[in-house]
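Worksheet: the structure to be examined is printed underneath.
The values are calculated or read from the model by the stated rules, or taken from the named source; none is laboratory data. The model shown is predicted, which means the values in this text are computed figures rather than measured ones. Neighbour counts are summed over all protein chains in view; Cβ atoms, including those assigned to glycine, are modelled from backbone coordinates with ideal geometry.
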Amino acid sequence: MPNSFYIHVNAQKCRSCVKCIRKCPTGAMRGTRGLSEIEIIEELCVGCGECIRECPYRAIELVQDDWETLKAREKLALAAGPAFHVQVGDCNRTGFITSALKRIGFEDMMESLSLAFDLSALAVAKKIDSGKKKDSPLISSYCPAVVRYIRMHHPELVDNIVDVDSPYETAAEYYLGDNPGSSVALVAQCPAVSNMKNSPVGRKKSNFSYVINIRQVIKGLLASREKIEDLPPEIESGARWFVWAADGGESRHISAFSQKKINTMTVTGMENISDLLNEVELGRLTYIDFVEARACYKGCVGGISASESKYLSASRIANLKIDWNIPAKERTKLEELYDEGIWRLSKRIEPMSKQAPLSDDISEALSRMKELKNIQENLPELDCGSCGRPSCRAMAEEVVCGRGEITDCIFKLKEKITLLSSEINELCKKTAQIGRSINKENETA
């Protein structure tokens, strides 16, 4: 069964090369039954998609709703983010994909999306302008993979995550309010965004009824032979929200609404984000107001479900002729929506446990912890992944919980085989000696 991150391991394609196990930043990929199967520990997965990117056999797949089924539905809109709209076009000009979607029957919610991203940028800017400076910077809530990673691995930084709802959810809520009876499908660039439907951050229920990835939508449009037009100048000048698809775009948008000069920092890639969060914990970024963190390199254009090269998409964004002087009429409308609070989270973002407890009984858990440390000390600490676990500590944990054997480690297995070989050799020698003694006795008799 696929987990809630819409990731599925195809057992027929998987060759147990353990590359996904080594690459996963949270240790969510595990080998079972002697590496005959690879499974995903849902509680540890952040949905970054690194496992999909790393697999050379394309054995890790995305699960989504069917494109033809979505096309057949009436009153359905696609909530497609900035990364979707910069997938097609020349390197210096992007294509206006929404017109092609409208021609095949989808409702247009571009205005709602543009408004929602503006509103999110305004809300964050107001929080920065409020003057309530923390000892460490505010952290963007836009990337669900980063938010989940913080909740699991840096729970002390949860309060630094800016409490502004995802612009996707804000756009869908605004659109559905004006279009009762309609439904919204989320177009996702990665598993983490797909998971917003099942596990939205900071809200009880998502506004999305369906999920499909960018690549499938682009493929569907091409199969329909739809013409994708150039982005009109009036759309291009107001396409502030398109820049969120590339690294630094969210920060640039927030700066346009801020009443003061703000210091921002942009980091992409899970390894870099881990290093950055360690620096934040140590209090070394007190001069930074806002951190824009994205799980994918180059930002959302680098998402695993993107249809084209992240460099080509980033080039299109860089060449957009955007007007950052926001008209007074638009500002007034945004201020009204801000006062209504549509951008607010309905519940607080809480820390998450990054692993299951060793036992529900405290005394047993302490005993297992002691056993775990003893086992870990006897392992090679190479974290090679050959046992099907991401680290020797994870291996030790599974042994004490009864989900593995110490000989799952190839080095421990080699030691046992060597020991058994020595014992067999000694037994053979003794057997030979006994045989010779019996022969001598027979000769004497």
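Structure notes:
- Selection within the range 66-84 - surrounded by 14 or more Cβ atoms within 10 Å (Cβ to Cβ) and either farther than 20 Å from Tyr175 by Cα or within 22 Å of the chain's Cα centre (by Cα) (or both): Trp67, Leu78, Ala79, Ala80, Gly81, Pro82, Ala83, Phe84
- Answer residue from the range 318-332, given it is hydrophobic (A, V, I, L, M, F, W, C) and part of a loop (DSSP other than H, G, I, E, B) and is farthest from Trp244 (Cα to Cα) among those: Ile326
Conditions (1) of a type in the set (A, V, I, L, M, F, W, C); (2) modelled with pLDDT of 95 or more; (3) under 22 Å from Cys190 (Cα atoms), marked per residue:
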{"site": "Val243", "(1), (2), (3)": "yes, yes, yes"}
{"site": "Gly249", "(1), (2), (3)": "no, yes, yes"}
{"site": "Val267", "(1), (2), (3)": "yes, yes, yes"}
{"site": "Glu271", "(1), (2), (3)": "no, no, yes"}
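- Options Met352, Met369, Met395: the member that is of a type in the set (A, V, I, L, M) and outside any helix (DSSP H, G or I): Met352
- When the range 354-412 is limited to residues that are among the hydroxyl-bearing types (Ser, Thr, Tyr) and under 29 Å from the mean Cα position of the chain (by Cα), the one that is modelled with the highest pLDDT turns out to be Ser391.
- Pairs linking a residue in the range 325-348 that is of a type outside the set (A, V, I, L, M) to a residue that is in a loop (DSSP other than H, G, I, E, B), with Cβ atoms under 7 Å and 6 or more positions apart or on different chains, are Trp343/Asp165; Arg344/Asp165; Ser346/Gly202; Ser346/Arg203; Ser346/Lys204; Lys347/Gly202; Lys347/Arg203; Lys347/Lys204.
- Residue tally, condition of a type in the set (Gly, Ala, Ser), crowded, with 20+ Cβ neighbours inside 10 Å and closer than 17 Å to Arg389 by Cα, over the range 23-65: 2
- Residues of the range 336-354 that are touching a helix residue (DSSP H, G or I) at 6+ places or on another chain (Cβ under 8 Å), of a type outside the set (Gly, Ala, Ser) and exposed (fewer than 14 other Cβ atoms within 10 Å of the Cβ): Glu350 alone.
- Among the residues of the range 255-310, those identified as within 24 Å of the chain's Cα centre (by Cα) and among the small types (Gly, Ala, Ser) are Gly269, Ser274, Ala293, Ala295, Gly299, Gly302, Gly303, Ser305, Ala306, Ser307, Ser309.
- Answer residue from the range 271-296, given it is in contact (Cβ under 8 Å) with a residue 40 or more places away in the chain and part of a loop (DSSP other than H, G, I, E, B) and is surrounded by the most Cβ atoms within 10 Å (Cβ to Cβ) among those: Ala295
- Condition check for Ile218: at pLDDT 95 or above, of a type in the set (A, V, I, L, M, F, W, C) and in a helix (DSSP H, G or I): no
- Qualifying residue in the range 237-247 (condition: of a type in the set (Lys, Arg), out of contact with any strand residue (DSSP E or B) (no Cβ under 9 Å at 6 or more places or on another chain) and surrounded by 14 or more Cβ atoms within 10 Å (Cβ to Cβ)): yes
- Residues satisfying the criterion are absent from the range 248-270 (criterion: within 30 Å of Glu61 (Cβ to Cβ), surrounded by fewer than 20 Cβ atoms within 10 Å (Cβ to Cβ) and without any contact (Cβ under 8 Å) to a residue 12 or more places away in the chain).
- Residue within the range 222-230 that is among the basic types (Lys, Arg), on the phi > 0 side of the Ramachandran plot and assigned to a loop (DSSP other than H, G, I, E, B) present: yes
- Selection status of Ala223, over 19 Å from the mean Cα position of the chain (by Cα) and at pLDDT 95 or above: no
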